[in-house]
Amino acid sequence: MAQETLSGWVRKLQAREISSRELTQLYLDRIERLDPQLNSFITVTAEQALAQAEAADARLAKGEQTPLLGVPIAQKDIFCTEGVRTSCGSRMLDPFVSPYNATVVERMNAAGAVMLGKTNMDEFAMGSSNETSFYGPVRNPWDTERVPGGSSGGSAAAVGARLVPGATGTDTGGSIRQPAAFCGITGLKPTYGRVSRYGMIAFASSLDQGGPMAATAEDCGQMLNAMAGFDERDSTSVERPAEDFTAALNQDLKGLRIGLPTEFFGEAGLDERVRGVIDAAIEVLKGRGAEVREVGLPNSHLSVPAYYVVAPAECSSNLARFDGVRYGYRCENPEDLMDLYTRSRGEGFGDEVKRRIMVGTYVLSAGYYDAYYLKAQKVRRIIADDFRRAFADVDVLLAPTTPELPFALGAKADPVSMYLSDIYTIAANLAGLPAMSLPAGEIDGLPVGLQLIGNYFDEARLLGVAHQYQQETDWHTRVPAAFA
Amino acid sequence: MSVDTSEVRRIAHLSRLAMNDDQARDFAGGLSDIFAFVEQLDGAAIEGVEPMAHPLDAEQRLRPDAVTEPDRREAYQAIAPAVEGGLYLVPRVIE
């Protein structure tokens, strides 16, 4: 039963073949039985979910057809949920029960989605393995000794194990795509500004973007239809007319121009077996009529270094709000105001968050701004310009999502080696482009992700290419044996 | 660039993070590695390039100067660590 996709459940709910209450109970039972192996949820909201399901059933009985009516989903614990703890994976926000809903949560509620709970994540979305969570690491459903990726690792593991048919994620440097690849699911980071950041706890505001994670491209399109749209409460929300992101699913690929960035294939560090999977996927797309050519992104090697200036700088500024005064964690018996600030922050934040706050504080401090931050912002533009030139000749770019297979828990102890696991995903964030990962193969029982990067606002086309690929292949239907 | 323990403590202070010498020593290696890593930017061809602050080069949207948010002071203060009489409490600042 749990093998059914989110889109499949939408059809069955509309046809009244199953009630939302039955469906919600089915997934709540799976979470209770199977999640102890994964730790993918921080909070399960069973009672509220069943109440939402009953309300959805009443609306279905009246013939209503909102996009996600009655469908169980999970929210990454970075999205504020009124009356429900919103921890962001941090001790700092362990006591925080949000007094308001994020726009994404409001929109999904309005579409009729049933929230089963809040998923685990790297603390403040800073990590690529989900090992920095205050609530303990998430485990990969394909091999519980390995990481699910991060930072949206809880959402990816939960969908991969079919504990929920769809979940939200956020992607600042690869945090939707890398865990989607590691857990064998489909995930999309939309164009910067598509999905409102209001109520999405800020990490690096010029890069952060929410998006859907589910089994298939069709599922992601349906979720994005509910999530995206202009929001006056987000100052960088883009004002564009509403769009149907499922509109291009059935478009054939004849004449589609696919670019292969040579830099994403040639560099040392790409596992040959991953490369083999990507080469096979290219053949499938060619078989459907796509044309493939090589393109250059000559500055892409500067993406990770530029990101580790820009993202920490914005993080140090955003996380300055956590002061132990207005909400969140406060230290015991502060001696004075400075002690209150420094100990609340020192005790409330984990090491990776502290590290990034310190890097950001340093690169923004007097005398260093030009040498680091300004330089990184200039590099950001030459990276975006590379993409602009590439998209003059091709419609989509194709690459691996990650250079390697899901790694073992504890395998990447030094920060820089962890940062390099996002080597193929970060450039799209710096440029603000939409990009997605979809399952394209298996090696030693572990999934491999294929990345598609599109031009600005070209999500529908990306999802269409992915859907066409998923018509020809069955990687997206595979579920780890222990969770089948 | 390499940072030593005292430099780490200085940055921690600017960041308002309590940190003792042992902790600062633990952070020094990782921070030094990160600063060395981002030095790769020094080789970038960025002469005459405009810094990019926003992916779509959008400008700040303006709105009419009108009250749009309701008063939710009680809801917001209900989640504060310490409040009294509608005020947030902190340790005494003026002796």
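The values are calculated or read from the model by the stated rules, or taken from the named source; none is laboratory data. Keep in mind the model is a prediction, meaning the values are calculated, not measured. Note that we place each Cβ from the backbone using ideal geometry, even for glycine, and neighbour counts take in every protein chain shown. Heavy atoms of the whole protein, side chains included, go into the accessibility calculation; ligands, DNA and RNA do not. Shrake-Rupley method; radii C 1.70, N 1.55, O 1.52, S 1.80 Å.
Data table
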{"item": "Interface residues, the stretch B:40-59 - accessible area loss of 50 Å² or more versus chain alone, probe 1.4 Å", "result": "B:Leu41, B:Ile46, B:Val49, B:Pro51, B:Met52, B:Pro55, B:Leu56"}
{"item": "Label-to-label distance, nm, for residues given as A:Tyr369 and A:Asp385 (7 Å Cα→Cβ offset)", "result": "2.4 nm"}
{"item": "Tail fraction, Cα-Cα pairs, chain B, threshold 16 Å, whole percent", "result": "78 percent"}
{"item": "Extension gain (nm, one decimal) between A:Thr66 and A:Leu337, 0.36 nm per residue minus Cα-Cα", "result": "92.5 nm"}
{"item": "All lysines inside 20 Å of A:Lys76 as judged from Cα atoms, apart from same-chain residues fewer than 8 positions distant", "result": "A:Lys118, A:Lys189"}
{"item": "Occluded residues from the stretch B:2-24, i.e. those whose accessible area drops by 30 Å² or more once the chain is not alone (1.4 Å probe)", "result": "B:Ile11, B:Leu14, B:Ser15, B:Arg16, B:Leu17, B:Ala18"}
{"item": "Protein accessible area in chain A, 1.4 Å probe - carbon and sulfur %", "result": "47 percent"}
{"item": "Vicinal HN-Hα couplings computed from phi for the stretch A:362-368 (Karplus, 6.51 cos²θ - 1.76 cosθ + 1.60; Hz; Gly/Pro x)", "result": "5, 5, 9, 6, 3, x, 10"}
{"item": "Length-normalised contact order of chain B in % [C-alpha pairs under 8 Å, at least 6 apart]", "result": "20 percent"}
{"item": "For the protein assembly as shown: accessible area per residue (Å², 1.4 Å)", "result": "37 Å²"}
{"item": "Average other protein chain Cβ within 10 Å of Cβ, residues A:420-432", "result": "1"}
{"item": "Minimum 30 Å² accessible area buried by the other protein chains, the stretch B:74-88 residues, probe 1.4 Å, relative to alone", "result": "B:Tyr76, B:Ile79, B:Pro81, B:Tyr88"}
{"item": "Distance between modelled label sites at B:Leu62 and A:Glu239, nm, 7 Å Cα→Cβ extension", "result": "1.3 nm"}
{"item": "Value of [θ]222 nm, deg cm²/dmol, for chain A, DSSP H segments ≥ 4, -39500 (n - 2.57) each, nearest 500", "result": "-11000 deg cm²/dmol"}
{"item": "Base-10 log of normalised Debye intensity for the stretch A:54-98 (one unit scatterer per alpha-carbon) at q = 0.23 Å⁻¹", "result": "-0.76"}
{"item": "Shielding by partners, peptide A:348-358 (average Cβ within 10 angstrom, other chains)", "result": "4"}
{"item": "Per principal axis, descending, Cα span of the protein assembly as shown in whole Å", "result": "73, 57, 52"}
{"item": "Difference of contour (0.36 nm per residue) and Cα-Cα distance, A:Glu291 to A:Arg326", "result": "7.0 nm"}
{"item": "Spin-label pair B:Glu69/B:His54, simplified geometry with 7 Å Cα→Cβ offset, distance in nm", "result": "2.0 nm"}
{"item": "Buried accessible area, chains A and B (both chains, 1.4 Å probe, Å² to nearest 100)", "result": "5200 Å²"}
{"item": "Separation of alpha-carbon centers, the stretch A:95-143 and the stretch A:340-411, rounded to whole Å", "result": "21 Å"}
